[in-house]
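Working notes, beginning with the structure itself.
Computed from the coordinates by the stated procedures, all read-outs in this text should not be read as laboratory data. Quick caveat, the model's predicted, so the values are computed rather than measured. Cβ: placed from backbone, ideal geometry, glycine included. Neighbour counts: every protein chain shown.
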Amino acid sequence: MSTRAFMALFWLMAWIPGISTEITVCDECSISSIAVAVEEANAGDTIRVSAGHYTVENLGITKPMTLIGEPGAILDGANTSYVLRLLSDSITIAGFEITNSGRSYTKDYAAIYVYDSKMVQVIENTVHDSFFGILMEKATQSVIRGNKVMGTATREDQSGNGIHLWHCEEIEITNNEVFGMRDGIYLEFVDESRISRNYSHNNVRYGLHFMFSNHDTYTDNTFQHNGAGVAVMFSKWIRMERNRFEENWGTASYGLLLKEIYDGEVLDNTFTENTLGIFVDGSARVNYSHNNFLQNGWAVKVSGGCYANVFTGNNFIGNSFDISYNSRMNDNTFNGNFWSSYSGYDLDKNGMGDVPYRPVKLFSYIVNRTPETIVLLRSLFVDMINFSEKVSPAFTPDDLIDDSPSMKRFK
Amino acid sequence: MIKILKYSFSDLMRSRWSFIYLGFYLILGFVLLFLNNDLSKGIITLMNVIVVLTPMIGTIFGVMYFYNSREFTELLLAQPVKRSVIFLGQYLGISLSLSLSLIIGLGLPFLAYGIFRSGEIANFIMLLISGTCLTFIFVALSINIALFNSNKIKGFGYAILMWLFFAVIYDALILLSMIVFEDYPLDNYALVASFLNPIDLSRILILLKLDISALLGYTGALFQRFFGTSSGLLYSLLMLTCWVAIPVMLLLNRSRSKDF
């Protein structure tokens, strides 16, 4: 390569960042419509939108660019269709208030719709009165951060999900707040993603809903008062850490539902006052450690087909039932947990009780069979039959014991 | 009546047993609060204790006192006083002194640990109300038994049996019947059955506080309405008052015809 050609290339490269210009959109500016601004902008430009009310219907963005909304910039979809459709790589949408997407029973209209893109960033937007909040399909390496999605959903069939991902990879969902939608966060076929520090509450169905998604991590989220809690289904290698599951009350309501989960980790989570802390159904090789189960109806309910799960170092405090089984078969281990209803002693002072603890009570077996008997909970007679079952197990799995129950609560 | 009430009351207040009973609650309250230093946990533990203990103490005290003061009662009956007034006065004397032991015995430790400054005051009042109601109910029932049986040993036996029935046997029968008829809808039956036993009623008051998350796991609409709203609390309290009234009526009725 000659020196001249090299120099030309050098200047070209120096010039490229320079072409990224900034376009301002406001009512009095030369460009007062976002659609026009997007049309005129070159790839890599920044569009800055001043405060104001803009009607944006089904605006497709097909070039990499950055859209920044200043405080008070409202994008109104006029109840027709999608509001923004991001159809190119490297698009950033930040700081907007987006409202009134269309509603449909055949199409998933969303405030922000992303399709087949890379490195999209959706940051600190507020979405309300929309069908779906943020809907991503076939996106990779993207970020959804600091958004707030609000809804007023009352029925499952008439509402959309807050943050909905389908067929995505390497997505980061952090610091979002979702409430009043159908599912707070819904992931289907989403791999290698991180979901952290989100607050999902008062949704009609699940706070977080996970289907066929592998190798994902979710940490430090709070799920509160959702219709049915959090459901993780048909997924492998999921890590769940330091999440809080609170006050999910109802007949089919869980803190956490694990259905067909293999090789997962459930660590340091806190389950407080849920009807069911964790409902485990057909899961294998999942480790549960250092979780807190506080005042749940059932801390852990184990259904059929659960093998080689390990519960260790958990605190079970003040739950109506600690563990519930629906059969006498057991292939899971429950060693080294703290049980607030353990009444044994520790003579050799090694911090572990000398008498094994049986977490499955006879009464929980009876309640499984005849649910109405729940009104007899904490009756003297029930304590007596629980005691006799403890002495010689006849109905509950006799190998289900904690050999080394901790005498002190784990910090 | 007030005079007789006062006599019975001061007689009991002077007796050693009232003080032992009071001392027991004082120690229990202080030890509980000293050990976990958490008012709400203390209340929960006490609820479990009270549901079993107050009926038992009420029963034994009621029947014992009535037999012991039989001569005094006979003396009173010779005076120009209405019969019902004598028995009612004695009944109130026993119930009040027992309730007072309960309220003071638990009140002092919780006051010392600042119950008025915490949000647990409603639950604590609930605890005292259910304890007091149980005392009134079981003293009335035991005096009834004493009125019907002049044989001390027999009366004492029946009284203990009555306590055992309400505390344990009743629940056993309910549980068995529910398992036998599990194919039928049982939610109405379960609620009505537990309303017919004062100990179960107080237990439900505890469940409403402690195990609401488990109770809401059951599908029945009646359960949902009963436990999910404040009506559960209201009905339980109402029924508890009915439970005080019925044995007292029975007592008054019996006292009119009781011939020593």
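Quick one: Cα centre-to-centre distance for the stretch B:47-84 and the stretch B:8-25, in angstrom?
The stretch B:47-84 and the stretch B:8-25 have Cα centres spaced 13 Å from each other.
Taking every residue in B:199-206, how many Cβ atoms of other protein chains lie within 10 Å of its Cβ, on average?
2
What is the order of A:Arg358, B:Arg225, fewest Cβ neighbours within 10 Å to most?
Neighbour counts put them in this order, fewest first: B:Arg225, A:Arg358.
Please identify every one of the chymotrypsin sites (Phe, Trp or Tyr not before Pro) in the stretch B:92-165 that sits in a loop by DSSP and has no more than 12 other beta carbons within 10 Å of its own beta carbon.
Sparse-neighbourhood loop chymotrypsin sites (Phe, Trp or Tyr not before Pro): B:Phe116.
Compute the relative contact order of chain B as a whole-number percentage, counting only Cα pairs closer than 8 Å that sit 6 or more residues apart in sequence.
With pairs under 8 Å counted, the relative contact order is 27 percent.
Could you check the spin-label model distance between A:Ser340 and B:Tyr235? Points 7 Å from the Cα along Cα→Cβ, value in nm.
With each label point 7 Å from Cα toward Cβ, the separation is 2.8 nm.
What whole number of Å gives the distance from the Cα centroid of the stretch B:151-176 to the Cα centroid of the stretch A:116-163?
Using only Cα atoms, the two centres lie 63 Å from each other.
Across all directions of projection, what mean area in square nanometres is found for the Cα convex hull of the stretch B:155-213?
Numbers: hull surface 19.5 nm².
The directionally averaged projection comes out at 4.9 nm².
From the Cα trace of the stretch A:228-411, what convex hull volume per residue do you get, rounded to a whole Å³?
It is 106 Å³ per residue.
I need the shape label for the stretch B:52-186. Rule: rounded when a/c is under 1.5, else prolate if a/b > b/c, else oblate, with a, b, c from the alpha carbon gyration tensor.
oblate
If R₀ is 45 angstrom, what is the calculated FRET efficiency for the pair B:Trp17 and A:Met329, using the beta carbon separation as r and rounding to 0.05?
Rounded to the nearest 0.05, the efficiency is 0.25.
Relative contact order (percent) for the stretch A:228-411, with alpha-carbon contacts under 8 angstrom and 6 or more residues of separation?
Taking the mean separation of contacting Cα pairs over the length of the stretch A:228-411, I get 16 percent.
Given the options A:Ala35, A:Ala139, A:Ala110, which has the most mean-square fluctuation in a GNM of chain A, springs set between C-alpha atoms less than 10 angstrom apart?
A:Ala35
Which one, A:Asn79, A:Asn203, A:Asn176, has the greatest fluctuation when you compute a Gaussian network model over chain A with C-alpha springs under 10 angstrom?
Maximum among the listed residues: A:Asn79.
If I model a spin label as a point 7 Å beyond the Cα along the Cα-Cβ vector, how far apart are those points for A:His167 and A:Phe212 in nm?
Label at A:His167, label at A:Phe212, 1.0 nm between them.
Between the stretch A:263-284 and the stretch A:308-347, how many Å separate their Cα centres?
Distance between centres, Cα-based: 13 Å.
Sort chain B into rounded, prolate or oblate with this rule: let a ≥ b ≥ c be the square roots of the eigenvalues of the Cα gyration tensor; rounded if a/c is under 1.5, and if a/c is not under 1.5, prolate when a/b is larger than b/c, oblate otherwise.
Oblate, because a/c is 1.5 or more while a/b does not exceed b/c.
What number, in percent, do you get for the relative contact order of the stretch A:52-188 if the mean sequence gap of Cα pairs under 8 Å and at least 6 apart is divided by its residue count?
18 percent
So what's the Cα pair-distance distribution over the protein assembly as shown, bin width 10 Å, in %?
Pair shares across the bins are 3, 13, 19, 18, 15, 12, 9, 6, 3, 2, 1, 0, 0, 0.
Please report, for the Cα atoms of the stretch B:43-106, the Rg to one decimal and the Dmax as a whole number; what are they, in angstrom?
Gyration radius and largest Cα-Cα distance of the stretch B:43-106: 14.8, 49 Å.
Hey, in the GNM for chain A with a 10 angstrom Cα cutoff, which one of A:Tyr113, A:Tyr345, A:Tyr218 fluctuates hardest?
Judging by the Gaussian network model, the answer is A:Tyr345.
Can you give me the angle between helix B:16-36 and the longest principal axis of chain B, using Cα atoms only, in degrees from 0 to 90, rounded to the nearest 10?
In chain B, helix B:16-36 runs at an angle near 20 degrees to the longest axis.
Rounded to the nearest 0.05, what FRET efficiency do A:Met384 and A:Glu156 give with R0 = 30 Å and r taken as the Cβ-Cβ distance? Could you check?
Calculated value: 0.10.
Give the residue list of trypsin sites (Lys or Arg not before Pro) in the stretch B:104-162 that are DSSP loop and have at most 14 other beta-carbon atoms within 10 angstrom. Mind showing how you got there, number by number?
Details: sites: B:Arg117, B:Lys152, B:Lys154; in loops: B:Arg117.
When the trypsin sites (Lys or Arg not before Pro) of the stretch B:104-162 are filtered for loop state and at most 14 Cβ neighbours within 10 Å, B:Arg117 remain.
Take A:Arg244 and A:Val391, extend 7 Å from each Cα along the Cα→Cβ direction, and tell me the distance between the two endpoints in nm.
Rounded to a tenth, the inter-label distance reads 4.4 nm.
Between B:Leu252 and B:Lys3, take the C-beta separation as r, use R0 = 22 Å, and let me know the FRET efficiency to the nearest 0.05.
0.75
Which whole number gives the average, over all residues in B:184-197, of C-beta atoms from other chains lying within 10 Å of the residue C-beta?
If you average over the peptide's residues, the count of other-chain Cβ atoms is 2.
Pairs on different chains or at least eight residues apart, Cα atoms closer than 14 Å: how many lysine pairs in chain A fit?
Numbers: A:Lys63/A:Lys118; A:Lys118/A:Lys138; A:Lys236/A:Lys259; A:Lys259/A:Lys301; A:Lys301/A:Lys361; A:Lys349/A:Lys408; A:Lys361/A:Lys390.
So the count of such lysine pairs works out to 7.
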